[in-house]
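Structure, as structure tokens:
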Amino acid sequence: MIIDKEAAIQKLLEGDVVALPTETVYGLAALADNPQAVQKVFFTKGRPQDNPLIVHLEGVHQVSRFAEEPDEAARRLMDVYWPGPLTIVLPKRSDVPDVITAGLDSVALRVPAHTTILDILRETGPLVAPSANPSGKPSPTKAHHVEQDYEGKVLVVDGGSTQIGLESTVVDCRNPNEFMILRPGALDAFSLSQTAQIPVRYWNDGALDERRSPGMKYTHYKPQASVYWIESQQHPNGSLKASLPDDTLLILHTAKEPELFPGRVVHVKGDFSTMATLLYDLFRWADRIGLPQIYIESLPDETLHPILPALKNRISRAIGEYN
Ligand code: TXA
Ligand code: MG
């Protein structure tokens, strides 16, 4: 059910969960200092209890309520990128409830860049907010996605379409010599290391298993349709025409002659930010109209655009390449 900002503040203060817009995706919010309310978030999403939540703050001054003092490099990231699509993992203070951190000794913190949730945070205090989708599904990027996912049973504030469309970059800032990106997002390793003035690298399969983000082991971002890569070089001559069934959603970014392809074609014409903004909505649209497969033109080298590592990560997960 859609409610306004004032009703959302009221409901949150009473210990209810409310879905709120951020600049990345919609989050399912509850008061961080109310363990029963936090528990409701897990229950509503069907989220595994061992997957910790991000605490959303109104500003950097609230960090010390949850985390040990960040070092200078982490502080630089917060000063430059907050409010924004950056989640920082720090050693937690011992009084942060285990229900938030899934018993870990670290806590994930973020100041979102969306006036609606910032206005609400100023009235409610810190809020936990995982992406508002039922566990495993693509994150909601519009209020009506939340309405559809929970058949109108979850309260939601409509803040329009989310600007970025993919979840925040999660960075583990506990090692003062090198930060590690646990989940890629709109901010890439290059920009982060420039600002932090220390190396920032991507966590990758096989390395440092114990430092993996707990959420990475679960299936994520998957539509019901099967998702596949389609090689860029196969496009120009239309040789795939025969092999792609009509009931296909085809997402292209460079292919020359989209009309050569059967099915429904969305062409973002090299605009990867738009591709990120639209991705989950397109996944959901394919499911709603019953398209059983989605083909996505394979992406170029990740250094070409900051959103590419995140786009590749989410599409690979939807394909099931990491599962
Ligand atoms: O953009 C976003 O981050 C959105 C919006 C609503 O803010 N939120 C979001 O939350 O994507 P969620 O819960 O869907 O994803 C949080 C990720 C999970 O993979 C979780 O395992 C990881 O962050 N995480 C949370 N706390 C952590 C911690 N202490 N250490 C490592 N990873 C953590
Ligand atoms: Mg999520």
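Brief remarks follow.
- Think of the chain as having a plus end and a minus end, set by charges on the Cβ of Lys, Arg, Asp and Glu; of VAL266, PHE42, THR22, VAL266 sits farthest toward the positive end of this dipole.
- 0 to 90° range, to nearest 10: angle between helix 115-124 axis and the chain longest Cα axis: 30
- Listed residues ASP246, ASP158, ASP16, most fluctuating in the chain (Gaussian network, C-alpha, under 10 Å): ASP246
- When both the range 25-41 and the range 99-141 are represented by their alpha-carbon centers, they are found 8 Å apart.
- Rg to Rh quotient for the range 23-86, alpha carbon positions, Kirkwood Rh: 1.00
- Of the peptides 264-276, 94-106, 53-65, the order by per-residue mean of other Cβ atoms within 10 Å, starting with the highest, comes out as 53-65, 264-276, 94-106.
- Residue with peak Gaussian network fluctuation, the chain [Cα springs, cutoff 10 Å], from ASN34, ASN175, ASN313: ASN175
- Residue pairs, from the table LYS40/LYS222; LYS142/LYS222; LYS11/LYS137; LYS40/LYS92; LYS142/LYS312; LYS153/LYS269, whose Cα atoms sit over 27 Å apart: LYS153/LYS269
- CD proxy at 222 nm, helix term only [per DSSP H run n ≥ 4: -39500 (n - 2.57); per residue of the chain; nearest 500]: -8000 deg cm²/dmol
- Spherically averaged projected area in nm², based on the convex hull that wraps the Cα atoms of the chain: 15.5
- For the range 26-175, taking the reciprocal of the average inverse distance between every pair of different Cα atoms yields a Kirkwood hydrodynamic radius of 15.6 Å.
FYI, it's all coordinate maths here, none of it is from the lab. None of the values given here were measured: they were computed from a predicted structure. Every residue, glycine among them, receives a Cβ derived from its backbone with ideal geometry; neighbour counts consider all protein chains shown.
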